[in-house]
Structure formats: structure tokens, C-alpha cells
1. Out of all the residues in segment B:180-215, which are open to solvent by less than 20 Å² (accessible area, probe 1.4 Å), β-branched (Val, Ile, Thr) and in contact with a Phe, Trp or Tyr (Cβ under 9 Å, 6 or more places away or on another chain)?
2. Got a number for residues in segment A:137-152 being in contact with a Gly (Cβ under 9 Å, 6 or more places away or on another chain) and either closer than 23 Å to B:ALA194 by Cα or open to solvent by less than 10 Å² (accessible area, probe 1.4 Å) (or both)?
3. For segment A:282-294, name all the residues that are open to solvent by 10 Å² or more (accessible area, probe 1.4 Å) and either more than 7 Å from chain B (Cβ to nearest Cβ) or aliphatic (A, V, I, L, M) (or both).
4. How do the pairs read when you match residues in segment B:247-267 that are on the phi < 0 side of the Ramachandran plot with residues anywhere that are open to solvent by 30 Å² or more (accessible area, probe 1.4 Å) and in a strand (DSSP E or B), using Cβ under 9 Å and keeping only pairs 6 or more apart or on different chains?
5. Just one of A:ALA134, A:ALA101 is part of a loop (DSSP other than H, G, I, E, B), assigned by TED's automatic domain parsing to the domain that holds A:PRO167, open to solvent by less than 70 Å² (accessible area, probe 1.4 Å) and within 21 Å of B:LEU195 (Cα to Cα); which is it?
6. All but one of (1) part of a helix (DSSP H, G or I); (2) more than 8 Å from every other protein chain (Cβ to nearest Cβ); (3) modelled with pLDDT of 95 or more; (4) out of contact with any helix residue (DSSP H, G or I) (no Cβ under 7 Å at 6 or more places or on another chain) hold for A:VAL249, so report the exception by its number.
7. Please name all residue pairs, on different chains or six or more residues apart, with Cβ atoms under 8 Å, provided the first residue is in segment B:329-354 and is under 13 Å from B:SER281 (Cα atoms) and the second residue is open to solvent by 30 Å² or more (accessible area, probe 1.4 Å) and part of a helix (DSSP H, G or I).
Number of protein chains: 2
Amino acid sequence: MKLEVLTIGTELLLGYTVDTNAAELGRALAAAGAEITRRTTIADRPEAIRTGVAEALDRAGFVITTGGLGPTRDDMTKTVVAELFGKRLVLDERLLAGIQARFDRMGRPMPAINRTQAEVPEGAVILPNARGTAPGLWVEDAGGRVVVLLPGVPREMRGLLVEEVLPRLVARQGGERRVVLSRTVRTTGVSESALAERIGPIEPDIAPLTLAYLPSVEGVDLRVTAWGLELKDAEARLAAVVERLKAAVGEHGYGEDDADLAAVLLEALREGRHRLGVAESCTGGMVGERITNIAGASDTFIGGVVAYADVIKTAALKVPLETLEAYGAVSEATVRAMAEGAQRLFSADCTIAVTGIAGPGGGTPEKPVGTVWLAARVHTATRVLKRVLPGDRDEVRRRAAQAGLDLLRRLLAE
Amino acid sequence: MKLEVLTIGTELLLGYTVDTNAAELGRALAAAGAEITRRTTIADRPEAIRTGVAEALDRAGFVITTGGLGPTRDDMTKTVVAELFGKRLVLDERLLAGIQARFDRMGRPMPAINRTQAEVPEGAVILPNARGTAPGLWVEDAGGRVVVLLPGVPREMRGLLVEEVLPRLVARQGGERRVVLSRTVRTTGVSESALAERIGPIEPDIAPLTLAYLPSVEGVDLRVTAWGLELKDAEARLAAVVERLKAAVGEHGYGEDDADLAAVLLEALREGRHRLGVAESCTGGMVGERITNIAGASDTFIGGVVAYADVIKTAALKVPLETLEAYGAVSEATVRAMAEGAQRLFSADCTIAVTGIAGPGGGTPEKPVGTVWLAARVHTATRVLKRVLPGDRDEVRRRAAQAGLDLLRRLLAE
């Protein structure tokens, strides 16, 4: 089946908000066998919404919208769609009670403005929203034309999509479902060109599947896509290509699909019954943040020190003052001492240490902005690595955190 | 002037990559007086690119594309646009020398595949890319129709947009330039509905400007937009509305436009000649990361401890074991002790401490997932705050970090 997506919000068109909902919808709908034939972004003005929804309905007969369901004056998708379908807005008492109960739980009075969120186009299917006050709505006319209205808040949109919309879409397609399905091999610590030289010989064999190189601060992802095949056929072909790619990328590959390097590393640490402590300077907490972003990290991760000022490098991590004076804070000797100091402080057998110059200031001809020293330590074995990382301050920091996690992953894998 | 944007990449359509370039382009083009009349996302297949570019050219006469300029086989925008304009691809020797020099600087041999990046449609204006190997291209035909090709890598796209594309667009518009301009008042620690009750009385006075409420994990942004006015008129009207909004939101407002709460806090600390240390548990380094994301943080931020395991709370932060046993790690007593411990450890006069249950596990009826205790300390004054934050693990952590920064901001402002 084919459909169009309209993401509604002047903030999207003007670029003040990144349209994460568009990506979320693309991924989920493709996996459910629905093809997005067009994605349009329009302003949250009644006339723009009316034109956008009407045109998309004419072309595709099935439209999913996001945004414009909140309680404030700039939210008017519901009103416009009701008019378009010639339906009245009616107050739904159960919805109203639910919204009231939500405010009661938070111990706050319900603002009068939230009452309008309980109004729905007559005959619409209400898609309950466990994560917010605005429900989703499935509005269908006698001719089978459908507009599904979802809220713009990402976690609410996602919940409604997965729990309410996708099951209905799959049911609607019956037996004829063909899917667009992708798999990803994730690499880090290697350039796009170097990967292309490893993978080039395989590429001609991949058709009718397609391959894309997706570089980011985390590394280069290789994504293979199967188009319009039956589910089992798509899965089998993808699995075969993924195996060939993994063999070709070798030690640079750290996982597949949504794999997070921090989660991969945590799993490797867990298998070896290791415990981890970190010492960070230029990344300022980012390595710890990456690790603790994984649920259940507490069985393996003990803690971290953000030794931003040199005085903390000496006081908390026992980096010798002579080392700092002789070699500087961004040096092999300092990063080694940081990794060892973290091992003592946290009684951890494994540590990661990062020190570098994130910029924009602080660079010198010998140590330009982007210079980062990394260390990983497992028991008494230390591996150090110097990288000169490209990008602005944020990118240098993200690349440095990823490189630190990767260094320990590679050391553990040996 | 009006134009269309095409973001090219199957990964965007399938949602595997979030289209940050679309937002970046929207913001920059609106500020430069260009109106994006449509934004379309298409797959990186030659026929899809050909159709997409040709249709957009027919409608608007001016198209900006992103993506498909890399060295690998899935990158073919340049070839397709050259065909569409009936131009040959020719090797540009200066470009080739530049790409070669880039690889020389990194001390790596240039893969043969990168040579194709030096080929350009005959007569195209080359937009030099200081951040990567693929240049941008400005291709124009005798009838004045233009396609501007930009790379898909965000930092390269952004650099070319600002340095090469925007100045040419402004020059092209001459004297008749009208702008779409927005200003934002940023708030945190207050709900969208509660803000609406404060601001409701002002809303009718704002026209012809429009107001949008944009909730996120950082708080609720209030964005005012002026449409199609002359630059000076737009700026004056926006400034007046922003002042009224700031007065209405009061203590909940922390800044304007792109203001980052961490930067606002650092500035306040700097003014009072304070120095900051942090103690984090559930946020795992995120508070330190937020602060050190600001260039120049090192004059104010000393360091942080990620006391993830309780043993580090007692060992490094000297939280009494009895406190942890009597009240638990997520409690007012513990967060107070963490804030005090960080003050001693870092010899800092100001500290932030955060402890909570980010989930998905670890919640109890008394302390459900999302329960967070925050403390801010300035000299001997401590303020604590309990919040029950909504969202998944990542959102709870982001909201907690923001709330910790905000608590110290409010305490310093008193």
C-alpha cells in the first residue's frame, strides 16, 4: 500500500525543529510494508493544512499527519480535517475524564484550555495516547479515504504509531504485503574510501539489493536495502549480504542495525566479568553518558571522573605533576597515567581515558585542534592511540568518545 | 525569491537518517529572504533524482539539493544533473590537486575512487569545500534556471551554505528582499498549558506575527515569526513581542533564540567568579557533558564525578553509608550529601548533584521510574528539588540534566 506523510509545523519548514518524526515514520512504515510516496512539510496555518491534506488525499487516498494536536492556539489540524470531511467536532466524555485524571495524578489543576483536546470529529476512531493528553485520531469517510492524525511530540507520536497505527495498517493490507527492508553493518575507525576499497568487489553482486555508505561522527554505516520483495525473500537476501559485508570489513565492524558501540562494549565487558571506570578530560562526561545510556549499565560501570582542570588530574587520578609539566595534558604519558589512575580510584580492571583539544581554542602547530590521546586498559595491558579528529568542538568530542569506546572494544577482542 | 529543496537519500526516505540538513536549510534560507515552497525527499536512484530535480525546476526554477556527491557508487546527483542540463562531466585539475593535498596532509594515499570527485558539469561554478573532498556545484542554464548541489554530510553542507550559497542568493535578490524571521523565548521547568495561561492574554495582540509553543525535553520554547516583512520592520516587531513574552514568563525564561541553558549558567557563574563541580548518578556524565560542550568552560568548570555505583558515592563523595542505608540512593539526604561532597572534592563554591531512577528498571511504588532528586549549592546555601519526570530512559536523563542546570541558575539569580 502507498500513502503520504504530512509533517505539520512552521517550525519544521523554517528549520527551527529537526523533523525526527519523519524519520521515525519512514522506518516504521517501510517495515510494515507501506510505501511513503511523498513526504511534505507544511506550515501550521489552517489554509496550508487544508490544502496539504486535501491534495495528499487526492493523490494517495491515505494520509498520516503529525503535529497540531496540542492545547494551544497554533494547534488546528483536528479542526481542519473535520471540516474537510464535513464532520462536526463533538466532546468525548471518556477522553475528558482521562485528561482530568492525568492532571490529578500530577497533582495539578487542569487548565481550561486542555478541554478542547477532548473534542473529536464525529465518528473518528480515537487512538488512546498513554504518553500525553492529545489522542491520535483515525478519520475515514464512506469512500475509504483515511487521514490519521498523530501528535507532533516525538515520544507520543512513536507510541501511537507502534501501538495503534501499524497493526491497523498491516491488517488492512491482508495477504499481498511486500516490504522494503534494510539491514546495516556498522563500522568505526575507518574512512569511507578505505571501506569502499574493501567492499568494491562485492558491490556488483548485491543487486537487486542496493548499498549505501552513511558516514557520521560514529563511523561509517553500510546499509543494504531490499525493495518490494516478499518478507522471507528480503530477509534471506539481506542476511547473506550482511554476512559478506561483515567478513569484508573485519575488525572495523562493531555491530549491526541499531547496535550502539557502548552497548556492544558493555556486553563484551559483562562476558569477561570485567568492571569499568573512565577518566575523561575533553569529552567532559560524554563517555560516561554513552555507557550509562544503556539500561542495566550499573552491573558493569562503576563510575567516572571528569578531570577537566589539571588539578583534578593530579588530585583524583594521581597523574604526576612532572608528567603534566613535561608532556602536557594532551600526551601519551598523561593519558596512560589517567587510565592507571582510574583503575586505582574505581578498583576497576578495565578503564578508558580520553584527553584532547576539542577547540575552537587551545590548538598549537604541534597539537592542532582535534588532537586526542586515548587509552584503554585491561588489567595490566594498556593500548594508546593518537587521533587528529576533524570537525567542530561537538564533533571532535563525539568522535573522541566513540574512539575511546572502540579502543577498549578492540583490546578486549584480542 | 522562492525555491525548492530536495534532500536526496534513500536513508532519509526510509528514516534511517534524520534529515538535519532540511532544518539547517530552512532556517538559513528563511533568514536570507528565500522562501522554501516545497521540501521533498527522494531516493538516491538516478531515475528518482532525475524526476525530482526536473519537476522541482519546472515549478520553481531554483532548486537546492543535498546528498549524493560522495566518492562511492550510491552517489550520483552530479551525473544526473549534468545530463539534465545537457552538459558533459569534465575533470577539474585544480580540484584534483586539492583532493590529493588533503590526503597528503592526513598522511594517507588517495584512493582511486576519489578521482571522480574532481569531475564537474562543464561550466558549473565550483563551490570550494574546506571540510571535505566533494565540492558544491552551482549549475545554471541559459534561461537562468539553477540547481545548487551540496554534499549530504551536515558539517560540509552547512559550511558551503553559509560561505558560498547564501551570499549569492542575497545578491541575486537585489533590493526587493523580504524576510521570514523568527525569535524564540526559551523556558524550562514549566508546562505548556501553564505557559499558555500566562501568555494567552498577549496572543491576540501579536498579529500579524504568529506564535508557536514548542515543547521538548529542554523545556517549552515560544517562537514568534514575522512573515514576508522588510527586515527592519520584522526585527522591530519581533523585539517588542519578545520583551512582552519575557515579562510574562518571568523566572521560567532562561534565554532567547539559540540560548543553551549550560551557557547561560556558565555566564552567570563567571560573573560571580564562581567555580563549579558536579556529582552525577543517573545522568552518568550528561551534566558535565552539557557544560563542557560550551567552548571556554575550563575557566569555570573544575570537574565532575560520575558516582554510578554506591561505593563511589561513599568513597569519592563521602556520602555517609548510614544515609544511603536509611534513605536510599535516590533521596533528599543523599543528593544533599552529594552536593556537599562535590564541593569538598573539587574545592568548588558551586555544585550541582543529580540522583534518580532513569528506568526502565528500578522503579517502586514510592519511587517510580522518573523520580529524580536534584541539588544546587552556592557556598553554604543548598536548594533541593524532587521531580517525577516523564519519558523513556534517555528523556528522563536529559530532563534531569536540564533540571539540575536550571536549579543552580535559579539559585544564583536570587
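The values are calculated or read from the model by the stated rules, or taken from the named source; none is laboratory data. Everything numeric here is computed off the predicted structure, so don't read it as measured data. Cβ coordinates were reconstructed from backbone atoms using ideal geometry, including for glycine residues, and neighbour counts include every protein chain displayed. Note: areas computed on protein heavy atoms with side chains; ligands, DNA, RNA excluded. Shrake-Rupley method; radii C 1.70, N 1.55, O 1.52, S 1.80 Å.
1. Result: B:THR184, B:THR187, B:THR188, B:ILE199.
2. So in segment A:137-152, the residues in contact with a Gly (Cβ under 9 Å, 6 or more places away or on another chain) come out as A:139-141, A:143-146, A:148-152.
So of that shortlist, the ones also either closer than 23 Å to B:ALA194 by Cα or open to solvent by less than 10 Å² (accessible area, probe 1.4 Å) (or both) come out as A:139, A:146, A:148-152.
Selection size over segment A:137-152: 7.
3. Pass one, segment A:282-294, residues open to solvent by 10 Å² or more (accessible area, probe 1.4 Å): A:289-290, A:293-294.
Across segment A:282-294, the qualifying residues are A:ARG290, A:ILE294.
4. B:GLU256/B:ARG183
5. Values: A:ALA101 fails: part of a loop (DSSP other than H, G, I, E, B).
Among A:ALA134, A:ALA101, only A:ALA134 is part of a loop (DSSP other than H, G, I, E, B), assigned by TED's automatic domain parsing to the domain that holds A:PRO167, open to solvent by less than 70 Å² (accessible area, probe 1.4 Å) and within 21 Å of B:LEU195 (Cα to Cα).
6. (4)
7. B:ALA329/B:ASP310; B:THR334/B:TYR327; B:ALA353/B:ARG336
Conditions tested, residue by residue: (1) open to solvent by 20 Å² or more (accessible area, probe 1.4 Å); (2) out of contact with any Pro (no Cβ under 7 Å at 6 or more places or on another chain); (3) under 30 Å from B:LEU238 (Cα atoms).
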{"residue": "B:VAL5", "(1), (2), (3)": "no, yes, yes"}
{"residue": "B:ASN21", "(1), (2), (3)": "no, no, yes"}
{"residue": "B:ILE49", "(1), (2), (3)": "no, yes, no"}
{"residue": "B:GLY52", "(1), (2), (3)": "no, yes, no"}
{"residue": "B:PHE62", "(1), (2), (3)": "no, yes, yes"}
{"residue": "B:ALA82", "(1), (2), (3)": "no, no, no"}
{"residue": "B:LYS87", "(1), (2), (3)": "yes, no, no"}
{"residue": "B:MET110", "(1), (2), (3)": "yes, yes, no"}
{"residue": "B:THR116", "(1), (2), (3)": "yes, no, no"}
